[in-house]
Structures are given as C-alpha cells and as structure tokens.
Amino acid sequence: MMEGVSGEAASLAGHLALSNLCWIYDNNKITIEGHTDWAFSEDVASRFIAYGWNVTRVGDANDLSMLERAFKTFKRVQDRPTLIIVDSHIAYGAPNKQDTEAAHGEPLGEEEIRLTKRNYGWPEDAQFLIPDGVREHLRTGIGARGRSLREAWMARFGNYKDKYPELADHLYRMQHRQLLEGWDKGLPIFPADPKGLAGRDASARVLNILAQNVPWLIGGSADLAPSTKTRLTFDEAGDLTAESPAGRNMHFGVREHAMGAILNGLSLSKVRPYGSGFLIFSDYMRPAIRLSALMELPVIYIFTHDSIGVGEDGPTHQPVEHLASLRAIPGLVTLRPADANEVAEAWRYIMRQRHEPVALILSRQPLPTLDRTKYAAASGLDRGAYVLADAADGEPEIILMASGSEVSLCVQAHERLAAERVKARVVSVPSWELFERQDPEYRDRVLPPAITARIAVEQASTLGWHRFVGTAGEIIAMHTFGASAPLKQLQSKFGFTPEHVVEVATKLLRRSPPTHGGRRVKSKGLTD
C-alpha cells in the first residue's frame, strides 16, 4: 500500500467502477526494516473509500466465517471494486523484539523449523513429506471439482458455439493467442516520399487497420494519445468508461507505472493490449515491462518522441539512455523502424508474437519514406538487421549502420560516398535482439568480419554498439544529455548530419584502409 503503483491502479479501478475486482490487503503492520509505524501512518480504508471502493475489514486472518462474509459482500457489490483489509500477524524466528526486527524477512533456522514441526506433531526430520491420504484427498476434492467445472464450461462453450459460431471462434483464438484469417488485410504499402511520414503517424494508420481485423486488440495511452497517435478512430472503437465497458480506447491517465501493470493483467486474460507514452517515460514503466518479459506476455509497448529529435522540449524530454535500457531487458524485443514501411513490417512482426513483449520505438518528426524499388525491401526487418543499400559490386569498403531516423542519414551519406567512388554499405538495424537470433552465416553476410571499417549512427547512448562496430569502428551517438533547440540545430550540434557521417567515414578509411585478399589498399575515393 505504500508503493505508488497501488495508488495509481486503485484510483483508475475506482474511476472505472470495476466491480469484479477484489483486493485483499494483508495488514500485518510489518516491513523489512520493522514496524510500519516507522514510515506509514495513513488510513488505508479512508483512502480507498475516497477512491470510490467498497471497503470491508476482517479483524483476524484466522476467522474463516468473517472471511467468507467479506467475500460474499464483494460478490454482492455491483457498482465498485472491493478492498478487504485482513489483520494478521507474521511469525518470527527470533526470541525478542530487537532480534525480531533484525530477523524479519529471513527464513527460520534449522532448530526453529524442528521446534515448529514438533509443535504441530510433524516428523521433525522429514523434508518434503506428503503424508498418506493427501493425494487422495486432493483427487477426490479439488481435483473432482475442477474436472466437473471444466466439463460444465466446455459444455457451455459448445452451446455458445452452436448459437454464435463466429464469436466462439474469436474467443477460442483469443484464448490460444491465434490470429484470425486475414488479420493483416488492408495494411498499407507506403510510396516513396522524400518528405516522408513520422513513425507515430505511420503506426496510427497501421494500428487502426489491424484493430478492425483483430477485435481483441485494445489499448490506449498514459494521457498522451493525441501525441502518440494511438487512438482508434473507426466508428466501432469507442472509449472504455464505467458506463461503456465495451470501448476499445483506454484512458490510463497520468499513470505510466499502473498502465504497464494493467497491460500485463489484460494480457493474462488473453486480450491483446497496447499502451503508449513518450520514450522518456519508459523509466516509470520499467518494472512492468520487465515482468512482461519474465511472464512471456505479448504486451505491446508503443513509445514515441524517440530521440533528441523532440527539439525544443529540451533534455528533460529527450531520451538518451532509454534504448540501451530497454535492450538490456532479457526477453523483450525492441524495434526502432527507419521509415513508414518498416513501421508496417514491425507491426506484422508484433502481431505474430505469442510469448514475447515488444517495445515499438517511433519518431515524432517525419522520416523519408525510402524508395524500395531502389533499396532493399522493408521485410528485412524480420531479421533484425538487413542490407538496405550496398556497393554496386556487393563488396563494400565501409559499413554504415543505424536504427530509426538515423538510417536515412546513412543512406544520404552512402550516396555522397558513392559519388566520391567510396564503396559503402548501409545496414538498417531495427532490432538488435532479432539480429542476434539469426544464424552466424546470415550475420556475417550482413556484417562481414573482414570489413572492420564500420560506423554506427543513433541519436541515443553509445552503449552496446561496440558489439557491432568492433574496436576499429566509430560510433556517432550521444555522449551527453540533449539540449533545447530546433531539430536541425540539434542534429548539427551533435553530429547527426550526412556531412558528418561522410567526414567520419573518410577519416576512418584513411586510418584503416580497406583490405582485399589480405592486402591493404587505398580507396579510390580518398585523397591525401
């Protein structure tokens, strides 16, 4: 009850009048450091009444009749969630108050365990003992009840399927995390456009089509839908409120941590949830994102305003370390697409996932939509990294790699280097995790080990890019926080321009000329 997430979640639950929600508060008056009086004195019951909850109390955790009465009260209440406050006492392994406070949270020692077993008449030296009759008791009790309940449920579902075959099919697929036939019909193919489209705008178009094809795709934002472009705008979508619980646009309010926790709960119920915010605010959500990965839940996290490209918002809103932070979470796939067509392919990947959360990282500013008749297809995103543009003979002297908005910088630098007869390869790297899952042969085709002249470009921390550029390569990235200024000024200040990429490439090739057949040669495009 001390943690902020409980207040965030309880506030929203009360606002939405979630009458099928019951929390049980074990009011044991103890924290790790000692008695709660040291740090906690609020009236929890009054707080929850103010949230709009029904609050009831059980004075003794061992009073089964009062517990039963509290649960029956919860089932009767139809207009608000219920909090049951249960007073209890924690048993300690220490003999006096001073030692108790020090020992709280530690397991009982061997002697205390033996004495406890003696008190209950249990064999003192037995470990993992299951006495005769326990299995039989469970089999004839909860086992039989469970079997009966499941059979009744399946019969009920069969009747439902006879009456509503399409809805029954939806329910079955939702529960088994399966997609409907034609789930990706109508997804756009974006035409080449040098002015381009912001990642968030491309995502909005794709999301609204997918949500019409997949009825259980629902979500919202932490008070930022107009900026993250995650509102479902088709007529049937609607807003989820206490009065209209069928709405598919959720309003989490300024509650990022609770939003992440709620998304996990929604995913456990087998709907397909998404939540959105600015990338900078992923810090608030990190515990919930981590749990998504631990529980292998296919939650969709949409983060926009992905770099110093937010300009005048200043360094407080310009994420620098956040990409590295998300990439560090095991089991989470981080996708930062380079243009509108990579955004569409990112969503294709996301929707197919059944046991893996994804963080989709999108730009606020427009990104040029690349001409895919000239450059490689955006479907290469599925493999995490792919050769987007290459030297004419397929034997590059230098590799330029980037994610997101910086890919177009590398493409422009590639064209300028080609004009100077320098053979460069551009590799789009939307996902480190997916690339590292590929077989070594594919990874070596994309990033040939013999080519040590490599440059990585990303408007974020340098952390981690050395695994791809090696000790001989260069990284054009952020070494500081950002600054408050128009986008073009920031890009110039921090070196995110085609001219700077070309300059770094030229210096790198002079320092370490390319090799052919084990013999170092000077690039034709370099002058002394």
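A Cβ distance below 7 Å, combined with a sequence gap of six or more or placement on separate chains, defines the contacts here; from the range 49-69, residues that are on the phi > 0 side of the Ramachandran plot reach residues that are among the basic types (Lys, Arg) and surrounded by 19 or more Cβ atoms within 10 Å (Cβ to Cβ) in the pairs 52/80.
Here the condition is being in a strand (DSSP E or B) and modelled with pLDDT of 95 or more; of 350, 399, it holds for 399 alone.
Residues that are basic (Lys, Arg) and loosely packed, with under 12 Cβ neighbours inside 10 Å within the range 50-74 comprise just one, 72.
Taking the options 162, 132, 169, name whichever one is in a loop (DSSP other than H, G, I, E, B), exposed (fewer than 15 other Cβ atoms within 10 Å of the Cβ) and not small (Gly, Ala, Ser).
Values: 162 fails: in a loop (DSSP other than H, G, I, E, B); 169 fails: in a loop (DSSP other than H, G, I, E, B).
From the options 162, 132, 169, the qualifying one is 132.
The requirement of being surrounded by 12 or more Cβ atoms within 10 Å (Cβ to Cβ), closer than 30 Å to residue 180 by Cα and modelled with pLDDT of 95 or more is fulfilled nowhere in the range 80-91; no residue meets it.
Against the test of being in the same structural domain as residue 511 (by TED's automatic domain parsing), in contact with a helix residue (DSSP H, G or I) (Cβ under 6 Å, 6 or more places away or on another chain), under 26 Å from residue 503 (Cβ atoms) and small (Gly, Ala, Ser), the options 450, 391, 413, 418 yield a single qualifying residue, 413.
Considering only residues that are surrounded by fewer than 23 Cβ atoms within 10 Å (Cβ to Cβ) and acidic (Asp, Glu), look in the range 352-402 and name the one that is farthest from the chain's Cα centre (by Cα). The selected residue is 393.
Condition check: touching a residue at least 60 places away in the same chain (Cβ under 8 Å), in contact with a Phe, Trp or Tyr (Cβ under 7 Å, 6 or more places away or on another chain) and hydroxyl-bearing (Ser, Thr, Tyr). Does residue 19 satisfy that? Considered against the rule, which asks whether it is touching a residue at least 60 places away in the same chain (Cβ under 8 Å), in contact with a Phe, Trp or Tyr (Cβ under 7 Å, 6 or more places away or on another chain) and hydroxyl-bearing (Ser, Thr, Tyr), residue 19 comes out as no.
Just one of the listed residues (49, 32) is in a helix (DSSP H, G or I) and out of contact with any Phe, Trp or Tyr (no Cβ under 9 Å at 6 or more places or on another chain), namely 49.
Applying the selection to the range 110-129, what residues are part of a helix (DSSP H, G or I) and surrounded by fewer than 10 Cβ atoms within 10 Å (Cβ to Cβ)?
Once the filter is applied, which keeps residues that are part of a helix (DSSP H, G or I) and surrounded by fewer than 10 Cβ atoms within 10 Å (Cβ to Cβ), the range 110-129 yields 110, 111, 119.
The single residue among 262, 302 that is surrounded by 15 or more Cβ atoms within 10 Å (Cβ to Cβ) and part of a strand (DSSP E or B) turns out to be 302. Every condition in (1) assigned to a loop (DSSP other than H, G, I, E, B); (2) in contact (Cβ under 8 Å) with a residue 12 or more places away in the chain is met by residue 394 except one, and the failing one is (2).
Against the conditions (1) assigned by TED's automatic domain parsing to the domain that holds residue 339; (2) surrounded by 11 or more Cβ atoms within 10 Å (Cβ to Cβ); (3) out of contact with any helix residue (DSSP H, G or I) (no Cβ under 6 Å at 6 or more places or on another chain), residue 138 satisfies every one except (1).
Reported count of residues in the range 175-211, each being out of contact with any strand residue (DSSP E or B) (no Cβ under 7 Å at 6 or more places or on another chain), under 23 Å from residue 307 (Cα atoms) and aliphatic (A, V, I, L, M), is 4. When 445, 454 are checked against the criterion of being surrounded by 18 or more Cβ atoms within 10 Å (Cβ to Cβ), under 16 Å from residue 388 (Cα atoms), at pLDDT 95 or above and of a type outside the set (Gly, Ala, Ser), 454 stands alone in meeting it. For the range 305-347, the candidate set comprises residues that are closer than 19 Å to residue 465 by Cβ, among the small types (Gly, Ala, Ser) and in a helix (DSSP H, G or I); within that set, the residue that is farthest from the chain's Cα centre (by Cα) is 309. None of 216, 183 is free of Cβ contacts under 8 Å to residues at least 60 places away in the same chain and either in contact with a helix residue (DSSP H, G or I) (Cβ under 6 Å, 6 or more places away or on another chain) or surrounded by 16 or more Cβ atoms within 10 Å (Cβ to Cβ) (or both) except 216. Within the range 233-255, the set of residues being under 22 Å from residue 306 (Cβ atoms) and either buried (at least 19 other Cβ atoms within 10 Å of the Cβ) or touching a residue at least 60 places away in the same chain (Cβ under 8 Å) (or both) comprises 252, 255. Taking the range 458-475 as the range and being in a strand (DSSP E or B) and either outside the structural domain of residue 426 (by TED's automatic domain parsing) or closer than 17 Å to residue 318 by Cα (or both) as the test, the residues that pass are 458, 459, 460, 461.
The values are calculated or read from the model by the stated rules, or taken from the named source; none is laboratory data. Model, not experiment: these values are computed from the prediction. Cβ atoms come from the backbone with ideal geometry, glycine included; neighbour counts cover every protein chain shown.
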